[in-house]
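The values are calculated or read from the model by the stated rules, or taken from the named source; none is laboratory data. Computed from a prediction, not measured in an experiment: that's the story for all the values here. Using ideal geometry, Cβ is built from the backbone for each residue, glycine included, and neighbour counts are taken over all protein chains shown. To get the accessible areas, we keep the full protein, side chains included, count just its heavy atoms, and leave off ligands, DNA and RNA. Shrake-Rupley method; radii C 1.70, N 1.55, O 1.52, S 1.80 Å.
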Amino acid sequence: MRILITGGRVIDPASDLDRPADLVVEGERIAEISSPGSLGGSDRAGFDRVIDAKGMIVAPGLVDIHCHLREPGFEYKEDIESGTRAAAAGGFTSVCCMPNVKPVTDGRGAVEYILNRARQAGAAAVYPIAAITKGSEGKELTEMAELREAGAVAVSDDGKPVENAEIMRLALEYAKMFGLPVISHAEEKSLAGDGVMNLGRVSTITGLRGIPNAAEDVMVARDLILAELSGGHLHVAHVSTRGAVELIRQAKARGVNVTAEATPHHFTLTDEAVRELDYDTSTKVNPPLRSAEDREAVIQGLIDGTIDCIATDHAPHHFDEKEQEYNYAPFGISGLETALGLTFTGLVKSGRLSLKEALSKLTITPSRIVGIPKGVLRSGGPADIIIIDTQYEYTVDLNKYESKGRNTPFSGWKLYGRAMTTIAGGRIVHEEAR
Ligand code: DOR
Ligand code: ZN
């Protein structure tokens, strides 16, 4: 398939490119990025598809280094096909999926299974993240050399912390030998207790059990100390507290090998949403939505680079599971289809991040963290491309969701920054109907 994308403003944060250009896709690759109009009218005839991107942004396909595709084991929540279709609809062409599936992604066969399924059914490229410990039980390290060889790009026991500090130290030492980042789900269990939302004013008013900031801060502090000791690459998932942001900032200043991510829900909402939405369980997420000060600190962290990238923590759940009392519903927000809109509307339109910075945090920066050759636009490179209409206002409509998980507090929100066309590996995998 030959595709011509004409007249757009091409932004590639990796190469610092921001200019009007035409883009030619041939097969799975970008064949050419050329000056606008340099391809004459007669050339146009040779294309299977010509996309007019006038007034739009042409950018690398987005890269999400933290999502839950739920396959194998929980296909009733999501599967690789529906999850990657949701990714494509949200502008993501590469996603890294967490290992908390059944069986846990803790061996070669499990990694290969996901890769095979993604090859058959994936609308986006899938990069498995393998477990740190067997069964994510926190006891015995996985065979990381083998996991890496099979195609795992990082290790994490996400959903659970590695409670034993010595195991975490060894994991960082071991993963370092294979160039794998260790992604920390930073939660000190004894402090988090059986909390269901942020500990603060709203939890006091509502009577819901609270999770203190300290549950995250203590674990981030521990993991930073262990990263410093081992020299291993620590990546802190879903940073939600001001304390964690400050600890990571200080660690970076002294040269610790640490990177971090923030989710759209944590930089958009506060724990007030739990009350405002009348205890809607779509606001129940781990780590919880925090206070306004925490949200502001997360945004500051994104601005000053303490927080390197934006990741969705897309955590789809079945309607019936979320349709329970707040205390019993599972944690998680279905996030792939709103991430770009929330980033664009909340951070770019408001002037807090430039468009290039925001795109960088959704493309090249996450790619580098997990070491995948994605998130760039260059001739000869993979044809993973999105065309964003920044003027187009759309309403988050659950009936149009590709994900099986409709658990989002953003239903009905009006957002800007929609991927109108998503091209993954040279295939048009999503086109938005206006
Ligand atoms: O809210 C969350 N949901 N946080 C996690 O860490 C795990 C995830 C899930 O798997 O549902
Ligand atoms: Zn997590």
Quiz prompt | Which numbered condition Leu191 fails, given (1) within 16 Å of ligand 1 (Cβ to nearest atom); (2) assigned to a helix (DSSP H, G or I); (3) open to solvent by less than 10 Å² (accessible area, probe 1.4 Å) | solution = (3)
Exercise. Go through the stretch 150-178 residue by residue and tally those that are open to solvent by less than 60 Å² (accessible area, probe 1.4 Å) and not hydroxyl-bearing (Ser, Thr, Tyr).
Key: 18
Exercise. Could you please tell me which pairs satisfy a Cβ distance under 8 Å, a separation of 6+ or placement on different chains, a first residue in the stretch 92-117 that is in contact (Cβ under 8 Å) with a residue 60 or more places away in the chain and away from ligand 2 (no atom under 15 Å from the Cβ), and a second residue that is open to solvent by 50 Å² or more (accessible area, probe 1.4 Å) and assigned to a helix (DSSP H, G or I)?
Key: none
Exercise. Please verify whether the stretch 159-170 includes one or more residues that are more than 16 Å from ligand 1 (Cβ to nearest atom), more than 22 Å from Leu191 (Cβ to Cβ) and assigned to a helix (DSSP H, G or I).
Key: yes
Quiz item: So is Leu62 touching a residue at least 60 places away in the same chain (Cβ under 8 Å), crowded, with 16+ Cβ neighbours inside 10 Å and touching a Gly at 6+ places or on another chain (Cβ under 7 Å) or not?
Solution: yes
Exercise. Only residues that are surrounded by 20 or more Cβ atoms within 10 Å (Cβ to Cβ) and away from ligand 1 (no atom under 16 Å from the Cβ): list them for the stretch 311-341, please.
Key: Glu337, Leu340, Gly341
Practice problem: Would you check if Gly351 is open to solvent by less than 10 Å² (accessible area, probe 1.4 Å), out of contact with any Phe, Trp or Tyr (no Cβ under 6 Å at 6 or more places or on another chain), more than 16 Å from ligand 1 (Cβ to nearest atom) and within 27 Å of Asp18 (Cβ to Cβ)? | Solution: no
Self-check item: Test: residue in the stretch 199-220 that is at pLDDT 95 or above, of a type outside the set (A, V, I, L, M, F, W, C) and farther than 23 Å from Val274 by Cα
Solution: no
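Okay, residues lined up against (1) among the charged types (D, E, K, R); (2) on the phi < 0 side of the Ramachandran plot; (3) within 16 Å of ligand 2 (Cβ to nearest atom):
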residue	(1), (2), (3)
Phe178	no, yes, no
Gly195	no, yes, yes
Thr206	no, yes, no
Met219	no, yes, yes
Val236	no, yes, yes
Lys252	yes, yes, no
Asn257	no, yes, no
Quiz item: When residues of the stretch 410-434 are filtered for being open to solvent by 10 Å² or more (accessible area, probe 1.4 Å), outside any strand (DSSP E or B) and either at pLDDT 95 or above or under 21 Å from Gly122 (Cβ atoms) (or both), how many remain?
Solution: 5
Practice problem: Hey, could you check the stretch 64-101 for residues that are of a type in the set (Asp, Glu) and either within 15 Å of the chain's Cα centre (by Cα) or not in a helix (DSSP H, G or I) (or both) and say which is nearest to Thr343 (Cα to Cα)? | Solution: Asp64
Quiz item: What number goes with the only condition from (1) within 16 Å of ligand 1 (Cβ to nearest atom); (2) closer than 21 Å to Pro99 by Cβ that Ala150 does not pass?
Solution: (1)
Exercise. Can you tell me which residue within the stretch 276-293, out of those that are within 16 Å of ligand 1 (Cβ to nearest atom) and in a helix (DSSP H, G or I), is surrounded by the fewest Cβ atoms within 10 Å (Cβ to Cβ)?
Key: Ser282
Self-check item: Breaking point among (1) in a helix (DSSP H, G or I); (2) surrounded by fewer than 24 Cβ atoms within 10 Å (Cβ to Cβ), for Leu147
Solution: (2)
Self-check item: Which listed residue, of Ile299, Ile303, Ile248, Ile307, is part of a loop (DSSP other than H, G, I, E, B) and either more than 16 Å from ligand 1 (Cβ to nearest atom) or within 23 Å of Ala154 (Cβ to Cβ) (or both)
Solution: Ile307
Exercise. Could you please let me know if Thr306 is touching a Lys or Arg at 6+ places or on another chain (Cβ under 9 Å) and surrounded by fewer than 22 Cβ atoms within 10 Å (Cβ to Cβ)?
Key: no
Quiz item: Can you tell me which of Ser354, Ser360, Ser350, Ser379 is over 25 Å from Ala297 (Cβ atoms) and of a type in the set (S, T, N, Q)?
Solution: Ser379
Quiz item: So which residues in the stretch 234-245 are open to solvent by less than 40 Å² (accessible area, probe 1.4 Å) and either more than 15 Å from ligand 1 (Cβ to nearest atom) or farther than 16 Å from Leu170 by Cα (or both)?
Solution: Leu234, Val236, Ala237, His238, Val239, Ser240, Thr241, Gly243, Ala244, Val245
Quiz item: Scanning the stretch 251-269 for residues that are within 14 Å of ligand 1 (Cβ to nearest atom) and part of a loop (DSSP other than H, G, I, E, B), which turns out farthest from Ala315 (Cα to Cα)?
Solution: Leu269
Quiz item: Among Ala358, Ala311, Ala383, which is the only one that is away from ligand 2 (no atom under 16 Å from the Cβ), touching a strand residue (DSSP E or B) at 6+ places or on another chain (Cβ under 6 Å) and of a type in the set (Gly, Ala, Ser)?
Solution: Ala383
